[in-house]
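Here the structure is laid out as structure tokens; the discussion comes afterwards.
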Amino acid sequence: MSGKKLSSTELNKLRKEAVQLRLSGETLAAIREKTGLSNPTIISSHKRFIAGGWEAINTGKRGRPKTALSGPDSQHDCLEHMLTDLPAENTLWSSQKVRDWFSTHHHDLSLKTINRYLKSWGITAPESHSTATPKEWLMQHHPGLNSVQGGALNGLSTDDMPARKVLKGGIASFTTPAGQTDPRVRGHFIYAQDFRGKLYWLATAEKPDSKLIIRFLALLSHQFKSEMILSFHCVPLERYTDIQQWLARQSQLTLLTYSASIQSTRPVITPAHGEKELTQSYVRTTMALTHLQRLEAESIQIMREVVSKADNPVMLYSIGKDSAVMLHLAMKAFHPSKPPFPLLHVDTGWKFRDMYSFRDELVKKLGVELITYMNPEGLEKDINPFTHGSALHTDIMKTEGLKQALNKFKFDVAFGGARRDEEKSRAKERIFSFRTADHRWDPKNQRPELWKNYNANKRPGESIRVFPLSNWTELDIWQYIYLEQIPIVPLYLSAERPVVERDGTLIMVDDERMPLKPGEVPMMKKVRFRTLGCYPLTGAVESEADTLPAIIQEMLLTKTSERQGRMIDHDSAASMEKKKQEGYF
Amino acid sequence: MAHSSEMISEDIVQYLKDHEQKSLLRFITCGSVDDGKSTLIGRLLYESKLLFEDQLAAVEAESKKFGTQGDNIDFALLVDGLAAEREQGITIDVAYRFFSTDKRKFIVADTPGHEQYTRNMVTGASTADVAILMVDARRGILTQTRRHSYLTSLIGIPHIVVAINKMDLVDYAEKTYTRIKEDYIEFARQIGIEQITFIPMSALAGDNITEPSNNMPWYHGTTLMGYLETVQVDDELMQKQPFRMAVQWVNRPNLDFRGFSGQLASGVIRPGDRIRALPSGKESTIATISTYDGNLPQAVAGQSVTLTLNDEIDISRGDMLTSAAEPASIGKQFETTIIWMHEEPLMPGRTYLMQIGSKTVTASITDIKHQVNVNTMEHLAAKKLELNGIGECNISLDQDIAFDPYKTNRDTGSFILIDRMTNNTVGAGLINFALRRSTNITVQHTEVNKAVRSSLKTQKPCIIWLTGLSGSGKSTIADLVEQKLLASGHHTYLLDGDNVRHGLNKDLGFTDQDRVENIRRIAEVSKLMVDAGLIVITSFISPFKAERQMARDMVEEGEFIEIFVNTPLDVAEDRDVKGLYKKARRGELKNFTGIDSPYEAPEAPELDLKTVEMTAEEAADKVIELLKSKGMI
């Protein structure tokens, strides 16, 4: 194997490996054998390490500048260089700087060609299509700006803005158009963009951290001597003391951050919106009912039975898509009356912020009663998923919380949104599921359900969980949401969101309570959620699906079942069943 | 399926539009563990590509651990649910699975085949449009095949598929298939099954499941999937029946709107149609069919709607709205077929709650005409129905209900029976026809009534019901109470074993069913005496809560005074005045309460007499005190 054919990143990896082997006492011959590097390379790497540590082992651009016409190779060369070094004069990269690099190392290219290259590498600002003026941008993305006077923002108000240069910035990843990333050019870039579209960036092969952000900010301040405001798409950076200290030492740059994707705060507009004629086929006049009509009629029949038989029913409302469908069905079942029962949200305090705002708006819009309950003991002891683990958190905040709420308000029947297709152990769950006075589910003591005849008789103290969506599948739920234009939490749709990777799962950093490793900065990624729960326990999936049909398409083509995103399931195959016996749902 | 996946990736909006129009078919699979039923369902799920990779991976891992197919995927593991049964390797309850193809969406009820689970099969069958009966080609028609066929025809599933499975193990021989088919047709004729489709297949190898099998060129019929995708759904048949809708809920958001919510069991309804409310018989016309999506021009069987009427007539939950031209029947006594679903057997004479549609009434089984042996279809005489027993029973209700025979309408002709003590669903029933024998008996209004008779006696009539073990002291206390009442000038009558067992009830023994009937008669006699204005004292062991409840329900509120003569078994056995306990212990006396027949102590008696703490005299005084405090005397 010849080292010459490798990219510098790969070569650097081999060089580090060689040094490691050398340090562990391997002979040169053995290292040569394992890494394929020549003796002089191994020796020089080792010397560099002794002189300057691990970083010093890295080599920059290798060999003499080529004069051949630019092609994929020259593009890779440029990217490799960009990932490890700054352009001449130690400024940030820009399309002009890339052009300069090509002129020096290869040959002259037009700025248009350079921009085409940049686009193909994914070096574009994600929100560059925005036509907002600087002032509008700041108002949209930092709505609290005018209300915060003095203090952290140095008396900044939108009126001061014309005086300052406004930039929008963020962190993004290189992506090739085919969606495949060449391992030689895998990396991220921190960028700033002015309102004429000009982009400045710093590239890195590693995950960016707070140190790199400081370096970027320093370069940016150095490059533009004027005062400026940087509107940065990232989690709030105040939590990093090093960034805070750096910001405190200078007055030239004001850093504002926003993490919610602007799109995600807007109400979801389904593609069917405004095309009501298309969905009219759903209310058909032909005789045969469609499968969704049959399911809808069945769920409504179940809800009306419960309301007629229960003393004090309640609907468990989790804010998720199944709850959304269940609530919509309840609106239908009792129309023109309001559903004759309240909604109960057993809160853990760790739901996504978007979920809370969605819940409050929806309840207001529909005019239904909502009870929220949080386990006071858990709250007092600050039970959270990070220090106490997912199992204990779920048990205390969710399972115990639910039992307490049902006892406190003396609810005897509770609607739940569980479906039989969700998990194998649920395939046998009755629609009316009986619970003892201490809320336990006894698999041996469940009643047979014949025809549409549900026996809801019970003794005082006993309760029933009723699952009107039992016979719906995940596809049915989505299709019904699509057809009926039911509002759902925007988190189900893909948008740029700040995420960190934990044990192979992408976790959204929804607020400052999420612990980060020292210096770790969450990446902005286009992600969405297949299920919604507590944000630290809910895995995001990388996705481009930002419409309902796209979600359904993705769901049908992605062959992983729904609850995989939820960490509570991962314990064992029978864990759901165990949770049910304990009264989890 | 290839078509679907292409469409999903290329034109999802069109796919959704197509999918939206699919109909729903519910079917049930019947067979024993060895017939390959779970394998078939696993195969259908697999072929419809509805398994997720993580599910497949989990099943592959489990196949190695629990599987019976060596290193191959054990499809059966895809469908076995609960942990306990996974370890046992058998399915123990009804499980529902979901899949869809290009043409239809399916819900499968997977039910186990063992005899003791008749209950599960009836449950699964009650909502099915099609039944697939699994037959092992090596073993042919077995007793259980006959049982499943009988049950499917009883529950009235319109379409039956006989899946002759494991053809790979009989070398795909046409002869085997033909022999089994002929055997089955012969049997089916006897029990009146007409619509049968036979499909030779191998669920394990995939023959004739979705693709026609190359191994059986002699078979020219449809594949199983082909059949399921094209068979007509029951729904549309129900739309041709006359209109029926049980009122589930009266929708009254304000004074201007009064709607009746329910799901159409059959028929089609449009505004202007004339309807009749049952059992009241009042008529009106439909004003609107109100839904969340606006008023509808029509509603069909299967839809859940809210109807408003043009006239204000009194209708509440439990009533049935029917076509005025072809209304449902009304009845109070019926011949029914009952499938018993509980360990505690059905007893004639005992009262149960009957839930039919949205109505709940009190019912008692007046007679078990015969029990059906589900394996041989023979009719057997029976005094009670045990778990999984099926019997033709006469049933009597406390009020009129609207109904249709089960054969014409599965929704308005079916009911469940609920135990009044435990609240369990203990039985399922089908109405065959109404019995007309009591329709002409009406209550005659008379001038002299209970109030008049009792005021003459200056007392309030009541039943003092003493219950307790044999030897607890009931008769002694009853005697003392009657003496004390007579002494103060009251009119009484004492019913006890001596004056009842020798006459009115001399045809009854001591089995559980006979005890139930014994108490029913005593309760009826007591009721007549209460009507006569007497204070009735009864002294019977009356071991079952249900019968004491029945007696309580027969008279007016407050007229039934339950007194628990509370003597522990060891004390009563020690006294053994008549030497009965000794006899029972020696086995000479069967069904003796406390020894080999249960005594269910009252939970909330009006009076609890702990006889070990007091004399019989004191106990009788307490009863008198209670009567005074209640204002009876």
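Extending 7 Å from the Cα toward the beta-carbon at both residue B:311 and residue B:195 defines two label points whose distance is 3.8 nm. Using the Cβ-Cβ distance between residue A:89 and residue A:56 with R0 set to 35 Å, the FRET efficiency works out to roughly 0.95.
3J(HN,Hα) couplings calculated from phi for the range B:501-518 with the Karplus curve 6.51 cos²θ - 1.76 cosθ + 1.60 (θ = phi - 60°) are, in sequence order, 4, 7, x, 3, 10, 6, 7, 9, x, 10, 6, 4, 5, 5, 4, 4, 5, 3 Hz; Gly and Pro show x.
Across the cross-link table entries A:47/A:517; B:384/B:460; A:97/A:119; A:16/A:112; A:452/B:105; A:165/A:211, which are compared at the Cα atoms, the separations over 27 Å belong to A:47/A:517; B:384/B:460; A:16/A:112.
Calculated [222 nm] ellipticity per residue, helices only, for chain B: -8500 deg cm²/dmol; basis is -39500 (n - 2.57) per DSSP H run with n ≥ 4, divided by all residues, nearest 500.
Once both labels are positioned 7 Å from their Cα atoms along Cα-to-Cβ, the gap between residue A:512 and residue B:381 label points is 8.7 nm.
Please report the antiparallel percentage of DSSP beta bridges with both residues in the range B:453-584, rounded to the nearest 5. For the range B:453-584, the DSSP antiparallel bridge percentage is about 0.
Of the trypsin sites (Lys or Arg not before Pro) found in the range B:359-438, the ones in coil according to DSSP and having at most 13 other Cβ atoms within 10 Å of their Cβ are B:407, B:436, B:437.
Computed as a quarter of the hull surface, the mean projected area of the alpha carbon convex hull for the range B:141-229 stands at 5.8 nm². Put simply, the Cα atoms of chain B extend 95, 69, 45 Å along their principal axes, the longest span coming first. Of all DSSP beta bridges confined to chain B, the antiparallel ones make up roughly 65%. Note on the range B:329-434: Rg/Rh from C-alpha atoms, Kirkwood Rh, equals 0.94. Between the beta carbons of residue A:544 and residue A:107, assuming R0 = 22 Å, the FRET efficiency works out to 0.05 to the nearest 0.05. Under 13 Å from a label point 7 Å along Cα→Cβ of residue B:421: give me every residue in the range B:346-388 with its amide N that close. The answer is B:346-347, B:350-352, whose backbone nitrogens lie closer than 13 Å to the label point. Note on residue B:488 and residue B:236: the extension gain reaches 83.5 nm, defined as 0.36 nm multiplied by sequence separation minus the Cα-Cα distance. Which entries in the list A:408/B:359; A:207/A:526; B:484/B:622 go over 20 Å, if you measure between the two C-alpha atoms of each? Violating the 20 Å Cα-Cα cut-off are A:408/B:359. Annotation: extensible slack from residue B:524 through residue B:608 equals 27.8 nm (criterion: 0.36 nm per residue apart, minus Cα-Cα distance). Here is the list for the range B:107-202: trypsin sites (Lys or Arg not before Pro) lying in DSSP coil, each with at most 15 other C-beta atoms within 10 angstrom of its C-beta, are B:138, B:139. Based on the Kirkwood radius over alpha-carbon pairs, what is the Stokes-Einstein translational diffusion coefficient of the range A:3-57 at 10 °C with 1.306 mPa s viscosity, in µm²/s? For these conditions, the coefficient is 146 µm²/s. Put in order of Cβ neighbour count within 10 Å, fewest first, the listed residues B:612, A:346, B:500, A:235 become B:612, B:500, A:346, A:235.
Given their separation in residues at 0.36 nm each and the Cα-Cα distance between them, residue A:238 and residue A:373 gain 45.5 nm when the chain is fully extended.
For residue B:537, the residues 5 or more places off, or on other chains, whose built amide H falls under 5 Å of its own are B:464, B:493, B:494, B:495. Label-to-label distance, residue B:618 versus residue A:16, with points set 7 angstrom from Cα along the beta-carbon direction: 9.2 nm.
Restricting the range B:186-247 to chymotrypsin sites (Phe, Trp or Tyr not before Pro) that sit in a DSSP loop and have at most 15 other Cβ atoms within 10 Å of their own Cβ leaves B:218. For the range B:238-323, the convex hull drawn through the C-alpha positions has a volume of 82 cubic angstrom per residue.
Read-outs: derived from the displayed coordinates by stated rules, not from any lab. Since the model is a prediction, treat every value here as computed from it, not as a measurement. Methodologically, a virtual Cβ is constructed for each residue, glycine included, from the backbone with ideal geometry; neighbour enumeration extends over all protein chains shown.
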